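Chemist: First the structure, which I've put down as structure tokens, then a few questions once you've had a look.
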Amino acid sequence: MNQLALAIPWLGKRNPAAARWVVILLAVGAPLIAVLFGKSWVRILDFAMLYVMLAIGLNLVVGFAGLLDLGYIAFYAVGAYTFAFLASPHFELHLPFWLVLPLGAVFAALAGIILGLPTLRLRGDYLAIVTLGFGEIVRIFMNNLNHPINITNGPQGINMIDPLVLFGWDISKPLKVGDEITINSLFLYYYVFLACVVLSVILVQRLQVSRVGRAWAAIRDDELAAKAIGINTRNMKLLAFSLGATFGGVAGGLFAAFQGFVSPESFSLMESIAVLTMIVFGGMGNLAGVIVGALALTALPEVLRHVAVPLQQAVFGHVLLDPEVLRMLLLSLAMIFMMLLRPSGLIPAYSRYSRPELVVGKEAGR
Amino acid sequence: METLLQQIVNGLVVGSMYALIALGYTMVYGILGLINFAHGDVLMVGALVALEAIRLLQIHAPELGLVPTLLAGLSISVVVCMILGYTIERTAYRRLRNAPRLAPLITAIGVSFLLQTIAMIIWGRNYHSFPQLLSTAPLEAIPGVFITPVQITILVVSATLMVALVVLVNKTRLGRAMRATAENHKVASLMGVDTNKIIAATFIIGSALAAVAGVMFSSNYGTAHYAMGFLPGLKAFTAAVLGGIGNLGGAMLGGLVLGLVESIGGGYIEDLSFGFFNSSYQDIFAFIILGVVLIFRPTGLLGERVADRA
Amino acid sequence: MKYSLVALAVLGLGASAVQAQEVVKLGAVAPLTGTQAHLGKDIENGVRLALEEYNAKGVTLGGKKVKFEVMAEDDAADPKTATTVAQRFVDAGVKGVIGHLNSGASIPASRIYNEGGIPQVSPASTNPKLTQQGFKATFRTIANDVQQGLGIGKFAATSLGKKVAVIDDRTAYGQGLADEVDKAVKANGGSVVTREFTSDKATDFLAILTRIKAKNPDVIVYSGMDAQGGPMLKQIKQLGINAKFITGDGGCTGEIIKLAGDAIGPNAYCTQPGLPLDKMPGGKDFNARFKKRFNADVQIYAPYAYDAASAIVEAMKAANSSDPGKYAAHLGKVNFPGVIGTVAFDARGDIKDGAVTVYQFKAGKWEPVQ
């Protein structure tokens, strides 16, 4: 939990206990604050939680094990489509979520192994480009597998996906407490997603300081040396791929249930890049950084819409750069300048096994 | 039969464009070990700058003939791209030369998206029609098989530039310095090669080739667009890997092979797979080839280098 | 000075107290930024004009005079933003929504409107799925892709030739439309000799066109956008293919003419859902009013948005209430002469007898054929 405290830079160093409580309070109270600005902000928070899960998963692969994956969104797609296949009118299947969600995770992990096995020998940029290709192949197949047998329903996507039903309780319907108070489903989704995020954080944190996490750090910093001290690099890399993919798969399943609609459009290369930017921006290899990065970049387009548009109208009289362009501009600048000026991210890693600055300056003798 | 011949002609034209773009990737990779993700976007800038220049020339100097206008537009865009290539290398890549590999790769992706966004701000999101200065009237080379003057020009220009580049690398002082730098930076600089200059020169030459490829691409299809560079860039990279990255001859061979595979594959996949697959899978070929080559023969068709250097 | 201000304030208060107006807010949503911003503004203005005219005429619901207000929002043509905006409408308690433009935005948003109990009338989304979800209060005033695909397929097979090749761009729009064309061609005695596919990012179609050439079709149907249609026309010419060419509303633009250059000729056709503005029953008059109010030309969707807003108000009048729960049932039963023709919906919520117009390329622009 010490890492969580670091999410608040100033307080975190001086009084970690207080900072920790601030983080917990913020996490629990966030939707209550957001709703003051309208329920649409709660919806944005819900999406932000999904991106946090994705960022945590990708961070496992990129930040911990040092394997650059540019097709990560494929696992998100696998999870989402698994949910859509097994819990929608598409195949007339309506399995309960506690079966479907783990299945999505398993399939995503399998996909991770399928991608990992042949690419084990590849390192660095070759791996990046092959994973990019993998992501595109998955998307193209989802887009075209409606012929000759209709599996994915092609570009039309799958609609009317079942919502999350927890023990007979449909959380897409408002919850009535007594007669007076009803709690909107957006809040319910938020807390379900938050629970998943908390679970992921605990899991990943344990993992990071475990034997496995240290082995990953060793592989990331020097694969040859890692091999020499007896680490089974093959299995460790496969584990990184499949575990990272698992998070993507779960997030994908939750996305499908929340949105009720999946189509191949949602799983484009741009999404992979967006998740990558989140972890680069926040701080590769560092949980708190990754979470802050994901939150900041999910909220960015909405903030731009509410700040940049009126500001430009006031200054220039019309909208010069629309929010989408501005977002692209900021994202690409963030990628360049983060790497040039602050390669360890907004909130640099602090734990022993996650110090990217150790990596910087290595491998110089290329 | 004519259908197959036509597909081969189509494939060769596309393939020679891939080959020309692949040269830029392969040169930079050979020297720096960096995938210059922004290379495809330099191509896009080349096409759009040429478009703008040609438009202005047509307004202000209409008495200039078609071909001189095209050549003038091309030279302007080549110069702009050379400056752009140098700037990218100087600002975004040089500082990261000794950083771990992930860092320059992420910066490269950032530069690629930055170029696209800036182009989108300047030229908007619409497709622009590219002035047709060379004829696209089809010529019937063999009965039933058509080729246009633009396509013939593309084949000739690509071949010429490739030969010129091979001569440059193998016969000149600059080329020798480039080969030395590619072999080993430190040793090359000890031998009196100014490696910084050589790397900058590589980027400049690569960007000039990208500009030429961009203008040819746009002349052939008649469109230019802020995102036009991404897919050809990716495919050209595949071509470079297929031929053996770092190897000039390999890039050419890889480009032509990829062009042919895409064209013939797109045309015949439905018959070959008994209707299970169809032309909607055309874009997958490049990625599958890429994966298979990297996994089973990472050195590519002609490569002598070991691809997998950490 | 101070006194006069106070007096004004008092007067203002008095006036509002006397009239006891009830304000009814309707949402108008479309992309107001990005490439389709001009089309989005067109929709917003159409809604604005309709409501302003109703305000001027005066509408009384349940004994109270009502004043309509527009709440305009931007969905940036993005599905995720669309759901956020939809949520904002539900929060703000708007009584009905006119929008969205893109089907990809309309479909996920419709779910939120349905849950929030707000009727939605889209003036522009043509994907059939929008009204097939079983939502009771989802309507549209424009012909859907089934109707358009039928129009293209029928025209191609009966007027252009029996052997048809169909290309689509593998987007939700392109594939959906192509499937309908395929059915309609067969239903009208034609045959589909081949179906080929490309993507919405492609520029080179030579491989698939060469394949099509070998099948020797009379007509090539392209179901996709103008940015691909232009270069495709060029390459059709370049390969010496003599087939006729027809495309849907995605390619029925001025842009395709620019992009195709000298490769487009009288062999090229396209279709648009709805009638051309000057052929609409109320078209000329609407155009004049619109121009006077906004000093802008009607792009495409303003008449549809105008009629969508009118349908909502007419339903409110029939129910004598602005309560969505009460007037929603009357929306399905409206029947009034709008700008685009008679506005009435079928059981699903699609406009009845949605017209589809075929255009032919003549003398540098698209001219209506029928």
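Only the coordinates and a few stated rules stand behind these numbers; no lab work does. Source: prediction; values computed, not measured. Here Cβ is always computed from backbone atoms with ideal geometry, including for glycine, and neighbour counts include all displayed protein chains.
Chemist: Hey, what did chain B get for relative contact order, percent, Cα under 8 Å, at least 6 apart?
Modeler: Relative contact order of chain B: 35 percent.
Chemist: OK, next. In nm, to one decimal, how far is the B:Leu64 label point from the B:Ser135 one, both placed 7 Å along Cα→Cβ?
Modeler: Using points 7 Å along Cα→Cβ, the separation is 2.3 nm.
Chemist: I'd like to verify something in chain B: which complete DSSP H helices, judged by Cα projection on the helix axis, reach 30 Å or more and average at least 0.0 on the Kyte-Doolittle scale?
Modeler: B:2-32, B:39-60, B:66-88, B:102-123, B:149-171, B:195-221, B:248-272
Chemist: Run the dipole for chain A about the Cα centre, Lys and Arg Cβ at +1, Asp and Glu Cβ at -1, nothing else charged, and hand back the magnitude in debye, nearest 20.
Modeler: Computed charge dipole of chain A: roughly 1260 debye.
Chemist: Now for a separate question. Working from Cα positions, state the angle (0 to 90°, nearest 10) between the long axis of helix C:103-116 and the longest principal axis of chain C.
Modeler: Taking the Cα atoms of chain C, the angle to C:103-116 is about 30 degrees.
Chemist: What pairs in C:Lys25/C:Lys292; C:Lys162/C:Lys234; C:Lys67/C:Lys326 have C-alpha atoms more than 20 Å from each other?
Modeler: C:Lys25/C:Lys292; C:Lys162/C:Lys234, as the Cα separations exceed 20 Å there.
Chemist: Then there is this: If one takes the longest principal axis of the Cα atoms in chain C, at what angle in degrees, from 0 to 90 and to the nearest 10, does the Cα axis of helix C:145-155 lie?
Modeler: The answer is roughly 40 degrees.
Chemist: Provide, for q = 0.06, 0.07 Å⁻¹, the log10 of I(q)/I(0) from a solvent-free Debye sum over equal Cα point scatterers in the protein assembly as shown.
Modeler: For the protein assembly as shown at q = 0.06, 0.07 Å⁻¹, log10 I(q)/I(0) is -0.48, -0.65.
Chemist: May I pose another question? Antiparallel as a % of all DSSP beta bridges within the protein assembly as shown, to the nearest 5?
Modeler: Looking only at bridges with both residues in the protein assembly as shown, the antiparallel portion is about 45 percent.
Chemist: Which links in C:Lys291/C:Lys352; A:Lys39/C:Lys291; C:Lys213/C:Lys279 stretch past 30 Å when you go from one Cα to the other?
Modeler: Going by Cα-Cα distance, A:Lys39/C:Lys291; C:Lys213/C:Lys279 fall outside the 30 Å limit.
Chemist: Hey, how much of the P(r) for chain A falls beyond 29 Å, as a percent of Cα pairs?
Modeler: 43
Chemist: Can you compute the helix-only [θ] at 222 nm over chain A? Use -39500 (n - 2.57) per DSSP H run of at least 4 residues, normalise by all residues, nearest 500 deg cm²/dmol.
Modeler: The helix contribution divided over chain A gives -22000 deg cm²/dmol.
Chemist: ³J(HN,Hα) across the range C:119-130 via Karplus (A = 6.51, B = -1.76, C = 1.60, θ = phi - 60°), whole Hz, x for Gly/Pro?
Modeler: Listing the rounded values in order: x, 10, 10, 8, x, 8, 6, 9, 5, x, 4, 3 Hz.
Chemist: Give the relative contact order (percent, whole number) for chain A; include only Cα pairs under 8 Å separated by 6+ residues.
Modeler: 27
Chemist: Among the lysines, which have Cα under 17 Å from the Cα of B:Lys197 when same-chain residues fewer than 8 positions away are ignored?
Modeler: The reachable lysines, counting only those whose Cα sits under 17 Å from B:Lys197, are B:Lys186.
Chemist: Note down the relative contact order for chain C as a percent, whole number, built from C-alpha pairs under 8 angstrom at least six residues apart.
Modeler: 17
Chemist: Is the shape of chain C best called rounded, prolate or oblate, per the rule: a/c under 1.5 gives rounded, else a/b larger than b/c gives prolate, else oblate, with a ≥ b ≥ c the square roots of the Cα gyration tensor eigenvalues?
Modeler: Here chain C falls in the prolate category.
Chemist: Within a 10 angstrom radius of the beta carbon, how do A:Met160, A:Met339 rank from fewest other beta carbons to most?
Modeler: Ordered from fewest to most neighbouring Cβ atoms within 10 Å, A:Met160, A:Met339 come out as A:Met160, A:Met339.
Chemist: Please compute the average number of Cβ atoms from other chains found within 10 Å of each residue's Cβ in peptide B:195-201.
Modeler: Neighbouring Cβ atoms belonging to other protein chains average 0 per residue here.
Chemist: Across the Cα atoms of the range B:43-140, what radius of gyration and what greatest pairwise Cα-Cα distance (Dmax) are found, in Å?
Modeler: 17.3, 55
Chemist: Within a 10 angstrom radius of the beta carbon, how do A:His90, B:His128, C:His38, B:His39 rank from fewest other beta carbons to most?
Modeler: Ascending Cβ contact count within 10 Å gives the list C:His38, A:His90, B:His128, B:His39.
Chemist: Select from A:Tyr189, A:Tyr76, A:Tyr126 the residue whose mean-square fluctuation is largest in a Gaussian network model of chain A (Cα-Cα springs shorter than 10 Å).
Modeler: Result: A:Tyr126 has the largest fluctuation of those listed.
Chemist: Test of understanding: ordering C:Tyr222, C:Tyr306 by Cβ neighbours within 10 Å, fewest first, what list do you get?
Modeler: Listed from fewest to most nearby Cβ atoms, that is C:Tyr306, C:Tyr222.
Chemist: Report for chain C the percent antiparallel among DSSP-assigned beta bridges with both residues inside it, nearest 5.
Modeler: 30
Chemist: Top mean-square fluctuation among B:Gly222, B:Gly275, B:Gly73, Gaussian network model of chain B, C-alpha springs under 10 Å?
Modeler: Comparing B:Gly222, B:Gly275, B:Gly73 in a Gaussian network model of chain B, the most mobile one is B:Gly275.
Chemist: If you take the charge dipole of the protein assembly as shown about its Cα centre, with +1 on Lys and Arg Cβ and -1 on Asp and Glu Cβ, which of C:Val146, B:Leu114, A:Asn146 is farthest toward its positive end?
Modeler: B:Leu114
Chemist: Taking square-rooted eigenvalues a ≥ b ≥ c of the alpha carbon gyration tensor, is the range B:17-229 rounded, prolate or oblate, where a/c under 1.5 means rounded and, failing that, a/b exceeding b/c means prolate?
Modeler: Since a/c reaches 1.5 and a/b is larger than b/c, the shape of the range B:17-229 is classed as prolate.
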